[in-house]
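The values are calculated or read from the model by the stated rules, or taken from the named source; none is laboratory data. These numbers were taken from a predicted model, which means no experiment stands behind them. Cβ placement follows ideal geometry from the backbone for every residue including glycine, while neighbour counts extend to all protein chains displayed. Surface accessibility is based on the protein's heavy atoms, side chains included, excluding ligands, DNA and RNA. Shrake-Rupley method; radii C 1.70, N 1.55, O 1.52, S 1.80 Å.
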Amino acid sequence: MNRHLLTLPLALLAALGACDAEPGSGLRADTSTAYTGEDTVGGDTSANIGPDALPGDATADTAAPAPLVDPVPAGEARAAIVTDPAELIGGPKAEGKLGDAKLANARARFIVEGARLTGGYRHFGGHVIDADVARPAGAPGGDRFGELWLAWNLEAFRADAVTVVDPGGPGRDAVVRVTGRTTHHPWPDSFIRAIFEPEEADLAVTYTYTLAPDSPALALDITLENDHDAPVDVTLPTLIANAGDGVFPYYPGNGLQILQGTNPPYVASVGEDVSYGVHAAVSGLVGLFDYSNLTVFSYDGSLIPPGGTVAYHLDYVVARGGSTALDAAMDDLVGAPAPRAAVAGTVSGLAPDAPPSWVAIADGPVLAGLVPVDAAGDFDADLPAGDYAFTVFTPGLGAGAEATATVAGEGADVLALTAPASGVAVVQVVDGTGAPVAARVDVTTRAGTRVPVIPSELELGRDVWATGRLALWLVPGETRRLALPAGDYHATAMRGPSYEMDDLDFTVTEGADTPLVLTITRAVDTSGWSAVDPHIHARWSQDSDVTYEQRVRQAAASELDLPVLSDHAFVGHAGDLPETLGVDLLTTPVDGQEVTTFEYGHFNAFPLEYDPDGLSWGAVYEHGRAGTELFDAMRSQHAGDVLIQVNHPRGSSFQAYFDAIGYDAVRDEAVARPDRWTDDWDLLEVFNGTCLDDERNALALADWVAMNDHGYKKTLSTGSDTHAWDHQIGVPRTWVHVDRAAVADDPEALVAPFRARHAFISCGPFLRVETPTGAELGDLVGVDADGALALHVVVEAPSWMDADVVRVRVNGVVVAERPVAAPKKVPLPGNQGVRFDEVIAVTPAADAWVTVEVEGDTQMRPYIGERPFAMTNPIDVDVDGDGAWTAPALQPRER
């Protein structure tokens, strides 16, 4: 490994930990017929984003072959520039656009980006972006390919033209050529170039993609040419792979865990319906590290003399059947000596209500493969001759009995495996009238029943017991059949912090149904207010696998009115899922983005305009912008109004704006990067992921207090910042004085009350503060004739939530403290949910700002492992009666 790469893992991990592929060598077929025409596409200005817009307009030869619509007959390979949307592959992660190139045969199909800017982190076109197995005509596409790209001295390939060299045909390869140069990439330049200071490369680059008939592998030949008069020393070569969303990074022999410093035979991501492998025929390929779904590899550098070239070869393989199908294709590519034999098996006892199962195949201590089991209980594997152990794993149920078999040259007898045994809990949740209600249901084991464990390297899919509980998120009227191992369990139903819980013990018997009906009732009336979580990650975030359906379910089941879908690098968008799930009157997802720099912080922008034809669905490009231009870009994402929230302002300098610029809130000065400082934002995420007992949040709260003293009117806000499947969204949450239906009609209805600070944050309690004049949070109010301001404070909470003390602060300093009148977890008599109802008067000596908070001392398990807390935004107090408000730090000081 070269000298620069020794420190690369630490530098990148520091950055990636703050935010936030695939596998082959070459199947070839001789070209039997020459093709003399070439279809070429240049830069596409309609796809430009960010500061590196490409010149030129897309052009396609009008005499090009007919649209390349699947399926392609056996014995043929085809290539064409995409001119018809029907030619695109489609699927959960599809990003292909008109003007891209498509290569397809009877087994596989690929989309290669045109000479345009792109979504994700690769930024430039010319790469494989969509890949899928061949499917019947009219079948939905199954693309789940993430991204894979190479860099040399932190310079990426920037495509200038894409050419169909040979459209292919019967018995003929299809060939696409992409030409361009290496160029500075705004993303690594923004945070890591200064660390390594690699030599300028500026190399001419040619990518040649070749697809042979009936091959699952797309070959890529890369040529770097030094067309300068001096040698170029490539000391920092990297390969970056990103997987996820139904396919999982897989390392042959190691399963789902990379061993740093090892040389994998290929890079892979394995899924239930489609799997990917990329074999890189480069010297010294070594896995440096993985973070979430992102893996970074290094390989040997090169000293390229003037006029010299360096060549690389990659093969992209797409297959069904899990890892062994990839292994077999890779063996064919590299000419492996050991022949493989087909192994077929059946699994009996599959629970119809359980997630899809997998078979792990062990060759002694080495993992030989992971293959999916289909709905009929069948599985297939391609294995070299040898003795193997086969085990069925089912998420949530654990492992079935191990079976052994010998595989010889002709294969093996059909294997008969047994799935983990189970029974079924039939779960329903209703309200006090018996009507169905959306709810979260947690299931835990009782004494004597063990949590079923699947080794992490074999956990294809979600670890549904990862937190020691199994969580269900039910929409109204849904009856969920939950497969569980026989044993004793406890179930708890809940719906956020405004409902009572219900729980019960139950026993599951193997092969039998156990009906469960749980009843929850509303304890707190939140009419007129909407619960907002401004910081939620899902599918398009590179470090999250969560589907938008799951996020919509969670929001409805958590009484989260306005979940903001804030994906990294993409605009989050739930589409018509609320209507499809029947929860459109319960929750309204808001389109947004976490604008993620790796230099000076993360910022949420919402509501944004989702553009299905735009790059990254219309996202703001984060990198390569000078000064405070990024804030201008967020404001101008669409013609309407946009809120900007500064996320987690304290922490790592890569993710924390205030730390990155050296902001001293007491002095109101950015001492490290004054060029990056602006107050052109609206909300401050003081409470990120939690409310209490967090050092970063405590620092951010101190900043917010000092900024209030200086006269800034920045809204106190929150964000769960959840990336995980079963993490409770909406904790913490911000309650905004706006009706959800108004935001459903017009997302910009959220902007004015949020910006005006008509809001309070909460990890649990519902907090109302009223003034004699009817002024609300965020408003300016006067004092009475005695110089006092009377605050009517009401705290509401369900009986399972603790509330101990109410505090009033003036300019951030506690001036009044009251114990909660009602006994812990008991509402006031005759007033369900109300735990505190008193008037507290304050008498500030000069213009001031006032907040109210409530705190409990007992964690709110099983809802969340947090202590209850809520805090209002300020009410500004005009003490001298001049109709204006003078911030405390700006008031004359007595000498």
Quiz item: Given the range 453-507, what strands (runs of 3 or more DSSP E) lie entirely inside it while holding 2 or more residues that are more than 14 Å from Val424 (Cα to Cα) and modelled with pLDDT of 95 or more?
Solution: 470-474, 487-494
Practice problem: Identify, from the list Ala241, Ala204, Ala194, Ala217, the residue that is open to solvent by less than 30 Å² (accessible area, probe 1.4 Å), at pLDDT below 95 and small (Gly, Ala, Ser). | Solution: Ala241
Quiz item: Hey, which of the helices (runs of 4 or more DSSP H) in the range 619-725, taking only ones fully inside, have at least 2 residues that are acidic (Asp, Glu)?
Solution: 629-635, 695-709
Exercise. Please enumerate the residues belonging to the range 799-823 that are closer than 24 Å to Ala702 by Cβ, out of contact with any Ser or Thr (no Cβ under 8 Å at 6 or more places or on another chain) and of a type in the set (Val, Ile, Thr).
Key: Val805, Val806, Val810, Val813, Val814, Val815
Practice problem: Please give the number of the condition Gly396 fails out of (1) in a strand (DSSP E or B); (2) crowded, with 21+ Cβ neighbours inside 10 Å. | Solution: (1)
Quiz item: In the range 524-538, which residues are surrounded by fewer than 24 Cβ atoms within 10 Å (Cβ to Cβ) and either out of contact with any strand residue (DSSP E or B) (no Cβ under 6 Å at 6 or more places or on another chain) or not hydrophobic (A, V, I, L, M, F, W, C) (or both)?
Solution: Asp525, Thr526, Ser527, Gly528
Practice problem: Could you check how many residues of the range 357-391 are modelled with pLDDT under 90, part of a loop (DSSP other than H, G, I, E, B) and not small (Gly, Ala, Ser)? | Solution: 1
Quiz item: Can we say Gly812 is open to solvent by less than 60 Å² (accessible area, probe 1.4 Å), modelled with pLDDT under 95 and out of contact with any Leu (no Cβ under 8 Å at 6 or more places or on another chain)?
Solution: no
Exercise. Enumerate the pairs (first residue in the range 290-303 and closer than 17 Å to Glu199 by Cβ and open to solvent by 60 Å² or more (accessible area, probe 1.4 Å); second residue anywhere and part of a strand (DSSP E or B) and modelled with pLDDT of 80 or more) with beta-carbon separation below 9 Å, excluding pairs fewer than 6 apart on the same chain, so at least 6 apart or on different chains.
Key: Asp300/Pro237; Leu303/Val232; Leu303/Asp233; Leu303/Val234
Quiz item: Would you pick out the residues in the range 368-418 that are touching a Ser or Thr at 6+ places or on another chain (Cβ under 7 Å) and polar (S, T, N, Q)?
Solution: Thr394, Thr418
Quiz item: Within the range 135-179, restricting attention to residues that are in contact with a strand residue (DSSP E or B) (Cβ under 6 Å, 6 or more places away or on another chain), at negative phi and small (Gly, Ala, Ser), which residue is surrounded by the fewest Cβ atoms within 10 Å (Cβ to Cβ)?
Solution: Ala161
Practice problem: From Val552, Val571, grab the single residue that is closer than 30 Å to Arg122 by Cα, in contact with a Phe, Trp or Tyr (Cβ under 8 Å, 6 or more places away or on another chain), β-branched (Val, Ile, Thr) and open to solvent by less than 20 Å² (accessible area, probe 1.4 Å). | Solution: Val571
Practice problem: Kindly provide the set of residues from the range 312-350 that are farther than 28 Å from Asp214 by Cα and open to solvent by less than 20 Å² (accessible area, probe 1.4 Å), ordered by number. | Solution: Val347
Quiz item: Which residue pairs have Cβ atoms under 6 Å apart, sit 6 or more places apart or on different chains, and have a first residue in the range 550-569 that is over 14 Å from Asp584 (Cα atoms) and a second that is of a type in the set (Gly, Ala, Ser) and part of a helix (DSSP H, G or I)?
Solution: Ala569/Ser616
Practice problem: For Ala491, work out the one condition from (1) open to solvent by 10 Å² or more (accessible area, probe 1.4 Å); (2) closer than 30 Å to Phe869 by Cβ it doesn't fulfil. | Solution: (1)
